[in-house]
Amino acid sequence: MPFRRCWIGRLVLFGFAALALGAASVQATPYLVVDADSDQVLMANEANAPWYPASLTKLMTVYVALDAVRNGKLTMDTPLVMSMRAARMPPSKMGFRPGTQVTLDNALKMLMVKSPNDVAVMVAEGVSGSIEAFADDMNADAQRLGLHESHFVNPNGLHNPAHVSSARDMAIIARALVHEFPDHADLFSIGALQLGNRYIPNHNGLLGRYPGADGMKTGFTCPAGFNVVASANRSGRRLIVVVLGAPSARTRNQEAADLFDRGFAGGGGNNGSLESLPSGSGAPDPHANVCRHRNAAALAAAAEDDSLSDPTEQGSAGPAGILATPLGALFAPVVVHTQLTYERIRFDPVPVYIGPAPGWKGPALGARPTATEAAAAAGAKTMSADSSSTAATTPEGDASAPIPTSPRSKHKPARHSEKRTAAHKPIKSATEKSEKKDVSTN
């Protein structure tokens with residue numbers, strides 16, 4: 001009899017061990033929970049694994065733009081100009097025509113709510129002159145902030161194999177935004193925008209559904225899966241949660257809610273600070289694609305509107321299966337489980353507009369030619385001037401006659417207006433060619 005009890009006990013232990021291994025393998029995608037004030041990591045899984053950030057990239061875009069304002073390069077009222085290159089970005093987008101002006105303040109609000117890829121490029125070109133120059137600024141700030149796995153090549157997160165980050169790095173960016181720019185915290189908590197007659201809801205399915213949630217950003221591409229960086233505040237304690245690579249928008253949101261529940265309840269041990277986490281290695285799986293064998297159009301619609309159901313969606317196992325298995329329930333702290341609902345919520349919209357701010361007297365900023373392009377343009381202008389001088393001294397020309405001008409030429413265009421950039425069409429870079437092919441929803 002004792003032998004039989006021992007045998008049964010071993011079976012139970014083996015069963016629990018197998019269950020534990022199964023639970024650990026259910027959800028292997030990265031996640032992280034950090035206390036935004038103490039910088040202590042409460043829970044983490046593959047937090048330093050390189051991953052495609054998708055539209056989480058726009059948090060870094062906002063950081064670089066606000067840093068430029070802080071350094072006096074422009075103001076929140078500075079108008080930015082929509083270029084041809086920006087207007088050609090694939091959805092999600094605002095769809096503004098080339099030449100349209102939008103203040104930086106309105107552009108950043110659109111960026112955090114609608115996540116438009118065209119506006120992200122408009123911000124990049126307005127701040128740094130081009131996508132490539134802005135990417136250099138992003139990477140410089142990334143190095144200063146202590147990011148390990150991140151390398152940025154564009155301001156919107158449209159897929160590029162070289163454009164990567166990690167859960168740890170995204171948490172550092174979110175924490176930097178919270179601490180360095182507290183006066184702009186409202187950018188991340190806007191539930192909806194009002195642009196003329198358009199009501200534009202936020203993609204973040206935690207806003208208005210999870211108690212204390214107050215931002216930050218979602219992201220989606222087929223190779224990246226469904227990502228979120230979320231912030232929530234309870235009784236003065238702020239946590240930041242990052243979930244990467246979820247199979248659907250609803251799964252992403254519920255996993256973030258589960259992690260918040262455990263974090264606020266004191267679940268998870270102290271895993272050190274964000275800075276103490278070791279650097280990751282390798283690269284994201286180039287073959288990973290949540291759209292494979294699924295309805296890509298339905299997934300894209302779900303990324304745009306979390307109230308829509310994904311017909312291919314299956315139940316979530318939760319982060320690392322911890323909350324969805326009997327074994328996890330034995331050891332997890334007792335927490336109140338917040339089950340998110342998905343009825344449509346109508347927020348009081350924040351008004352935005354196109355055009356310069358009332359009374360604005362300064363220049364509008366947009367795409368600027370690179371040093372090489374400027375030199376080439378200057379050379380062409382010199383040759384044109386020489387040709388005009390020669391023509392003016394020939395018998396067919398009269399050097400004393402005034403050069404005819406159109407009424408429009410009497411008005412000097414803004415320093416960075418679209419008219420100037422349209423006159424010079426730079427050769428398409430490899431990055432721009434890949435942008436046209438990658439039609440993704442962020």
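The values are calculated or read from the model by the stated rules, or taken from the named source; none is laboratory data. Since the model is a prediction, treat every value here as computed from it, not as a measurement. Please note: Cβ atoms are built from the backbone with ideal geometry, for glycine as well, and neighbour counts cover all protein chains shown.
Here's the yes/no breakdown for (1) modelled with pLDDT under 95; (2) farther than 17 Å from SER166 by Cα; (3) within 15 Å of the chain's Cα centre (by Cα):
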| position | (1), (2), (3) |
| --- | --- |
| HIS179 | no, yes, no |
| HIS184 | no, yes, no |
| PHE188 | no, yes, yes |
| GLY191 | no, yes, no |
| LEU195 | no, yes, no |
| LEU207 | no, yes, no |
| ALA256 | no, no, no |
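From the list PRO211, PRO247, exactly one residue is more than 15 Å from ALA54 (Cα to Cα) and not basic (Lys, Arg). Which is it? Give the steps one after another, and end with the answer.
Working: PRO247 fails: more than 15 Å from ALA54 (Cα to Cα).
Unique residue meeting the criteria: PRO211.
Is the stretch 112-130 home to any residue that is within 16 Å of THR57 (Cα to Cα), outside any loop (DSSP other than H, G, I, E, B) and touching a strand residue (DSSP E or B) at 6+ places or on another chain (Cβ under 6 Å)?
For the stretch 112-130, residues within 16 Å of THR57 (Cα to Cα), outside any loop (DSSP other than H, G, I, E, B) and touching a strand residue (DSSP E or B) at 6+ places or on another chain (Cβ under 6 Å): present.
List pairs: first residue in the stretch 327-345 and closer than 19 Å to MET43 by Cβ and among the small types (Gly, Ala, Ser), second residue outside any loop (DSSP other than H, G, I, E, B) and at pLDDT 55 or above anywhere in the structure, Cβ distance under 8 angstrom, at least six positions apart or on different chains.
ALA332/ARG262
Considering only the stretch 56-67, I want to know if a residue exists there that is over 15 Å from the mean Cα position of the chain (by Cα) and either buried (at least 19 other Cβ atoms within 10 Å of the Cβ) or small (Gly, Ala, Ser) (or both).
First, pick out the residues of the stretch 56-67 that are over 15 Å from the mean Cα position of the chain (by Cα): 67.
Cutting the leftovers down to either buried (at least 19 other Cβ atoms within 10 Å of the Cβ) or small (Gly, Ala, Ser) (or both) gives us none.
No, the stretch 56-67 has no match at all.
For the stretch 366-375, state whether one or more residues are more than 35 Å from the chain's Cα centre (by Cα), in a helix (DSSP H, G or I) and either surrounded by 10 or more Cβ atoms within 10 Å (Cβ to Cβ) or modelled with pLDDT under 95 (or both).
No, the stretch 366-375 contains no residue that is more than 35 Å from the chain's Cα centre (by Cα), in a helix (DSSP H, G or I) and either surrounded by 10 or more Cβ atoms within 10 Å (Cβ to Cβ) or modelled with pLDDT under 95 (or both).
Among the numbered criteria (1) under 20 Å from the mean Cα position of the chain (by Cα); (2) touching a residue at least 40 places away in the same chain (Cβ under 8 Å); (3) part of a strand (DSSP E or B), which single criterion is violated by ARG238?
All conditions are met except number (1).
Scan the stretch 208-227 for residues that are part of a strand (DSSP E or B) and closer than 24 Å to ARG292 by Cα and jot them down. Show your work before the answer.
Of all residues in the stretch 208-227, those part of a strand (DSSP E or B) come to 213-221, 225-227.
Within the stretch 208-227, THR218, GLY219, PHE220, THR221, GLY225, PHE226, ASN227 qualify.
Among the candidates PRO155, PRO201, single out the residue that is under 16 Å from the mean Cα position of the chain (by Cα), at pLDDT 95 or above and of a type outside the set (A, V, I, L, M). First the steps, then the outcome.
Details: PRO201 fails: under 16 Å from the mean Cα position of the chain (by Cα).
On inspection, the qualifying residue turns out to be PRO155.
Whether any residue in the stretch 269-287 is loosely packed, with under 13 Cβ neighbours inside 10 Å, within 20 Å of ALA232 (Cα to Cα) and either at pLDDT 70 or above or basic (Lys, Arg) (or both) is what I want to check.
yes
ALA230 fails exactly one of the following numbered conditions: (1) farther than 26 Å from ARG346 by Cβ; (2) hydrophobic (A, V, I, L, M, F, W, C); (3) not in a helix (DSSP H, G or I). What is the number of that condition?
All conditions pass for ALA230, except number (1).
Does ASP118 satisfy the condition of being in contact with a Phe, Trp or Tyr (Cβ under 8 Å, 6 or more places away or on another chain), over 13 Å from ASN154 (Cα atoms) and modelled with pLDDT of 95 or more?
Details: in contact with a Phe, Trp or Tyr (Cβ under 8 Å, 6 or more places away or on another chain): yes; over 13 Å from ASN154 (Cα atoms): no; modelled with pLDDT of 95 or more: yes.
Here the answer is no, as ASP118 does not meet what is asked.
Within the stretch 59-72, identify whether any single residue is touching a helix residue (DSSP H, G or I) at 6+ places or on another chain (Cβ under 6 Å), modelled with pLDDT of 95 or more, of a type in the set (A, V, I, L, M) and not in a helix (DSSP H, G or I), and answer yes or no.
Looking for residues that are touching a helix residue (DSSP H, G or I) at 6+ places or on another chain (Cβ under 6 Å), modelled with pLDDT of 95 or more, of a type in the set (A, V, I, L, M) and not in a helix (DSSP H, G or I), one finds none in the stretch 59-72, hence no.
Please enumerate the residues belonging to the stretch 138-147 that are touching a residue at least 60 places away in the same chain (Cβ under 8 Å) and buried (at least 20 other Cβ atoms within 10 Å of the Cβ).
Hits for the stretch 138-147 are MET138, ALA142.
Quick check: is even one residue across the stretch 189-198 charged (D, E, K, R) and either in contact with a Lys or Arg (Cβ under 6 Å, 6 or more places away or on another chain) or surrounded by fewer than 17 Cβ atoms within 10 Å (Cβ to Cβ) (or both)? If you could, list the steps in order and put the result at the bottom.
Pass one, the stretch 189-198, residues charged (D, E, K, R): 198.
Subset that is either in contact with a Lys or Arg (Cβ under 6 Å, 6 or more places away or on another chain) or surrounded by fewer than 17 Cβ atoms within 10 Å (Cβ to Cβ) (or both): 198.
Scanning the stretch 189-198, I find at least one residue that is charged (D, E, K, R) and either in contact with a Lys or Arg (Cβ under 6 Å, 6 or more places away or on another chain) or surrounded by fewer than 17 Cβ atoms within 10 Å (Cβ to Cβ) (or both), so the answer is yes.
Is it true that ILE173 is of a type in the set (A, V, I, L, M) and buried (at least 24 other Cβ atoms within 10 Å of the Cβ)? Explain how you work it out, then say what you get.
Details: of a type in the set (A, V, I, L, M): yes; buried (at least 24 other Cβ atoms within 10 Å of the Cβ): yes.
Judged against the criteria, ILE173 is a match.
Name the single residue, out of those in the stretch 250-268 being of a type in the set (Gly, Ala, Ser) and part of a helix (DSSP H, G or I), that is nearest to PRO53 (Cα to Cα). Please lay out each step first, then the result.
Start the filter on the stretch 250-268 by keeping residues that are of a type in the set (Gly, Ala, Ser), which leaves 256-257, 263, 265-268.
With the extra rule that they be part of a helix (DSSP H, G or I), the set shrinks to 256-257, 263.
Numbers: ALA256: 16, ALA257: 20, GLY263: 23 Å.
Per the criteria, the residue is ALA256.
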